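In what follows, a single structure is set out as structure tokens and then discussed.
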Amino acid sequence: MGSLNNLRYLNLSSASFSGAIPSQLGNLSKLQYLDVSKNQFFLASHDYIGTLQAVDLAWLPRMSSLSYLDMSWVDLSSVRNWFHTVNMMPSLMVLRLSSCGLNTSTKSAGSIFRSMSNLTHLEVLDLSINSFTTSLKHAWFWNLTGLKELHLSNCGWNESIPDELRDMKYLQVIDLSENDLEGLLPNNLQDLCNLKVLMLSSNNINASITEFIGRLPRCSWNTLQELYIGNTHMIGNLPVWIGNMTNLSVISAWGNMLSGSLPVGVGALGNLKTLVLSFNNFNGVLLKEHFASLGNLEYLDLSYNNFNGVHFKNHSASLGNLKLLDLSNNKLNSVLTEEDFAGLVNLEYLDLSYNSLKLEINQKWVPPFRLQVAGFRSCHLGPHFPQWLKWQTDIDILVLGDANLDDIIPDWFWATFSRASFLHASGNKLHGSLPDSLQHMAADHIYFGSNMFTGQVPLLPINISRLNLSSNCFSGSLPSDLNAPLLEELLLANNQISGTIPSSLCQLTSLKRLDLSGNKLTGDVMQCDKDSGADQFGSSMYSVALNNNNLSGEFPNFLQSASELKFLDLSYNMFSGRLPKWLSAKMPHLQILRLRSNMFSGHIPVNLTSIDSLHYLDISGNNISGSIPWSLSNLKAMTTAVSQGAEDYNFEESIPVITKDQKRDYNFEIYKLLVNFDLSSNSLTGKIPEEITLLIGITNLNLSSNQFRGTIPDHIGDLKNMESLDLSYNEFSGAIPSSLSALTSLSHLNLSYNNLSGAIPSGPQLQTLDNQMYAYIGNPGLCGPPLSRNCSTNDAHKSSVEDIKHMSSVYLATGLGFLVGLWTVFCTMLLKRTWRAAYFQFIDMLYDKVYVEVAVRWARRLEKTRDDAP
């Protein structure tokens, strides 16, 4: 490095270097500026047996002239005594060691860390994104009273802000964001008169914003330029006198609980460039006074509040520098015209989504701006397609969902937005057909679901990642060539698409979600040829919905590659054959399995119960035989209630669920919470395993219309979350378990048409069932409310029946004896006339007596049966 001895400036930032930093850099004694940040340098070596040996930064202090050092994002975690080394460089003015893996976990680190005091010229210190375990109150840098910038964000500190901050009189930038610091600023900061930037976002201040601003040194009100206090749990109203802080250029207070109307004092902040108050509870109307002097404002984000009106008309010119305007997710119900936007000549980002705004804009209007992002979801733009969008050729993201559009998409749309990446127009009444091919489009997201489009599904854009054309009127067959190698979501549900599923689908190896449900597809599901490299098809999938078609054949074989699958719906088709034994091995993460209304046969695979995450199982309406596996306790996800937000995937549309004898549509947030076990309408036999009572998370249990025998498990009452229980049309016998009355969530019960007997359990929950009169019919042995059959009368009835059965036995024995005796006396009667006459006289008398007894008891039985009828 001889020729570099006079080098004063060396910037190697983001140069993609790797390996060890050469110690020869220390020879550059005249170097004043060194930046090696964001490289893959490491500062460790290996000894001769390969053991990792920590090295130090001994070469650094030899750079005696160095005033600027940036080693951010270089791994220093294995460096010995990094703090001691840095302390030997008194000429340093700027030290940046952000995200270096620094810590103070060694025994001596704390005391050494506090003793660093040689950096008397240091003005900028950045130690953010490291994990320090010492107390912030005892940190060494509080002695560096000449500091102008102190960056300590995301260091894991969780205490109060130290009083030592009062001695840092020259501080211009304080960054303590993304820690877990508690409480307000110290009340002794009156000497921090040079403060320009204060960053405290993502801490736990948990106080009134009025009190917080009151803690700022009064002398800094004219110097403070940037204030970041987002996500700090602040409450209260933004004070009117914030308008006195006239040098403020940035106010970021998102994600708090601030309320009330926006103070008009904000309108006096003439230097303000960024105002972010999103995710609060502000309300009221946005008036011209709020924007009167904000001529320098570039970014205005008031989204996710409760503002109910906005008036830009006649003063939008005062916002001529505005680039971003986000008023989404409020309660705005104003009518906006082209005059409201006339002065916004620099606008690039406009989001008015999720309001009740009505845009009455002249179709011939030519906007003064060129948007890159335009969001109008759930605004009223229609019924005609807004022609002024024709001029927005720079659009990258366009959202027109649920915008009351009832029109065809104009031809210019496909040219104007050919370079856009995100197009959303779902939830309208758009009709007509799409172009035969969208391959010229650059979009990677197209959402045109829930409209009235007709014709065939077009050829897809080559870069498409997510396509939603569900709930339209598309017909015909799918394109034979689905040339979209990046496609992750293909949603074509609820159309009239016919024909077979093209084999080219096998080439979509990036596909994560496939929904072809609710169409007229026929034939076998395609078989993916492993020789063509399509054996990876399905390996990325987490959701497959092919339900409500006319598909046939055996269980789809491509699912053997779907090791990440969580949702599978093949219901309402004509699939046949046995359920494969590889289900649990090939789809171990399956959570929802719907196979109802097909023609599957054979037994339930025993290892199906080994899928730990399965919480929704529906194989009803098939030809499944055999018994329920006894290993039900292996269904771990059913042994506890499914927790909200446990899933990492979602669905936009509702999904039908059969429960409580009804078909109900649930959105997926609710669907995730259902624990369903439905084996109804099959040919299953045997007893219900006692292990079923271990599935305490079950909300819907349906075993109806099978051939189950035996008794209902005694501990059925352990299923505390159960809302619907249907065991009807089986051959269950014995009494109804008394524990049934413990099901406090139960709202639907059906035990009809079995052989149950005895008293019906009582309980307040059982008296509120939605079908009390029909829950028990077809079980003649049951008694007690809600049936009219009284249990005590029923007992007498049972006794009478037993008497009749006993008499029948007596008469049967008598008859047999008569037949046997007949041949004994027959010969005697042939020989003696007097014996013969006496015998027949006795027979006549006995016949009359038996006849009268039987007739009387039979009449009593009929009378009691009529009295006990419900």
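The values are calculated or read from the model by the stated rules, or taken from the named source; none is laboratory data. Bear in mind the structure is a predicted one, so any value in this text is a computation, not a measurement. Please note: Cβ atoms are built from the backbone with ideal geometry, for glycine as well, and neighbour counts cover all protein chains shown.
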Fill in: Condition met for GLU554 (closer than 27 Å to SER503 by Cα, surrounded by fewer than 19 Cβ atoms within 10 Å (Cβ to Cβ), in contact with a Gly (Cβ under 6 Å, 6 or more places away or on another chain) and of a type in the set (Asp, Glu))
yes
Checked pairs for segment 592-617, first surrounded by fewer than 21 Cβ atoms within 10 Å (Cβ to Cβ), second part of a loop (DSSP other than H, G, I, E, B) and of a type in the set (Lys, Arg), C-beta under 8 Å and 6 or more apart or across chains, list as PRO605/LYS581; ASN607/LYS581; SER613/LYS566
- Task: Check segment 790-811 and report whether any residue there is at pLDDT 95 or above and surrounded by fewer than 16 Cβ atoms within 10 Å (Cβ to Cβ).
- Result: no
Within segment 702-738, the residues that are modelled with pLDDT under 95, of a type in the set (S, T, N, Q) and more than 35 Å from the chain's Cα centre (by Cα) are SER738
Note on segment 146-167: residues out of contact with any strand residue (DSSP E or B) (no Cβ under 7 Å at 6 or more places or on another chain) and either within 19 Å of THR223 (Cα to Cα) or not in a loop (DSSP other than H, G, I, E, B) (or both) are GLY146, ASP163, GLU164, LEU165, ARG166, ASP167
Apart from one, (1) surrounded by 19 or more Cβ atoms within 10 Å (Cβ to Cβ); (2) touching a helix residue (DSSP H, G or I) at 6+ places or on another chain (Cβ under 9 Å) all hold for LYS364; the odd one out is (1)
Restricting attention to segment 131-177, the residues that are within 15 Å of LEU119 (Cβ to Cβ), among the acidic types (Asp, Glu) and touching a helix residue (DSSP H, G or I) at 6+ places or on another chain (Cβ under 8 Å) number exactly 0
Report yes if LEU740 is within 22 Å of SER788 (Cβ to Cβ), part of a strand (DSSP E or B) and either among the hydrophobic types (A, V, I, L, M, F, W, C) or not assigned by TED's automatic domain parsing to the domain that holds LEU674 (or both), otherwise no. no
Note: among ALA20, ALA58, just one is at pLDDT below 80 and over 23 Å from GLU123 (Cβ atoms), namely ALA20
(Q) Here is a check on your reading of the model: is ILE760 hydrophobic (A, V, I, L, M, F, W, C) and either modelled with pLDDT of 95 or more or within 33 Å of the chain's Cα centre (by Cα) (or both)? (A) no
Among the residues of segment 267-275, are any aliphatic (A, V, I, L, M), within 17 Å of GLY214 (Cα to Cα) and at pLDDT below 95? no
On the given criteria, is MET257 in contact (Cβ under 8 Å) with a residue 24 or more places away in the chain, hydrophobic (A, V, I, L, M, F, W, C) and surrounded by fewer than 21 Cβ atoms within 10 Å (Cβ to Cβ)?
yes
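How about segment 231-244: which of its residues are surrounded by 16 or more Cβ atoms within 10 Å (Cβ to Cβ) and in contact with a Gly (Cβ under 9 Å, 6 or more places away or on another chain)?
If the condition is that a residue be surrounded by 16 or more Cβ atoms within 10 Å (Cβ to Cβ) and in contact with a Gly (Cβ under 9 Å, 6 or more places away or on another chain), then ASN231, THR232, GLY236, LEU238, PRO239, ILE242, GLY243 are the ones that fit.
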Counting only residues in segment 574-609 that are at pLDDT 95 or above and among the polar types (S, T, N, Q), the one farthest from SER681 (Cα to Cα) is identified as SER576
>> Taking the criterion of being surrounded by fewer than 17 Cβ atoms within 10 Å (Cβ to Cβ) and farther than 19 Å from LYS137 by Cβ, would at least one residue in segment 195-208 satisfy it?
In response: yes
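If only one of LEU165, LEU144, LEU136, LEU150 is more than 21 Å from ILE205 (Cα to Cα) and either of a type in the set (Lys, Arg) or crowded, with 16+ Cβ neighbours inside 10 Å (or both), which one is it?
Of LEU165, LEU144, LEU136, LEU150, the one residue that is more than 21 Å from ILE205 (Cα to Cα) and either of a type in the set (Lys, Arg) or crowded, with 16+ Cβ neighbours inside 10 Å (or both) is LEU144.
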Among strands (runs of 3 or more DSSP E) entirely within segment 415-491, at least 1 residues that are at negative phi, under 31 Å from the mean Cα position of the chain (by Cα) and not charged (D, E, K, R) occur in 422-424, 445-447, 452-454, 466-468, 489-491
Within segment 261-288, the count of residues that are out of contact with any strand residue (DSSP E or B) (no Cβ under 8 Å at 6 or more places or on another chain), in a loop (DSSP other than H, G, I, E, B) and among the small types (Gly, Ala, Ser) comes to 1
If we ask which residues in segment 475-489 are out of contact with any helix residue (DSSP H, G or I) (no Cβ under 9 Å at 6 or more places or on another chain) and surrounded by fewer than 22 Cβ atoms within 10 Å (Cβ to Cβ), their number turns out to be 6
From the option list SER601, SER613, SER597, SER539, single residue qualifying as of a type in the set (S, T, N, Q) and part of a strand (DSSP E or B) is SER601
Here the qualifying pairs (Cβ atoms under 6 Å; residues six or more apart or on different chains; first in segment 289-313 and closer than 17 Å to PHE341 by Cβ; second surrounded by fewer than 23 Cβ atoms within 10 Å (Cβ to Cβ) and among the acidic types (Asp, Glu)) come out as PHE312/ASP340; LYS313/GLU339; LYS313/ASP340
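So, CYS506, is that one touching an Asp or Glu at 6+ places or on another chain (Cβ under 8 Å) and either on the phi < 0 side of the Ramachandran plot or touching a residue at least 60 places away in the same chain (Cβ under 8 Å) (or both) or not?
For CYS506, the condition - touching an Asp or Glu at 6+ places or on another chain (Cβ under 8 Å) and either on the phi < 0 side of the Ramachandran plot or touching a residue at least 60 places away in the same chain (Cβ under 8 Å) (or both) - is met.
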query = With respect to PRO485, is the statement that it is touching a residue at least 24 places away in the same chain (Cβ under 8 Å) and out of contact with any His (no Cβ under 7 Å at 6 or more places or on another chain) true?
reply = yes
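Checking the conditions here, which among PHE575, PHE558 is part of a strand (DSSP E or B) and of a type in the set (Phe, Trp, Tyr)?
Exactly one of PHE575, PHE558 is part of a strand (DSSP E or B) and of a type in the set (Phe, Trp, Tyr), namely PHE575.
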Of the residues in segment 158-210 that are more than 32 Å from the chain's Cα centre (by Cα), acidic (Asp, Glu) and modelled with pLDDT under 95, the one that is nearest to MET234 (Cα to Cα) is GLU159
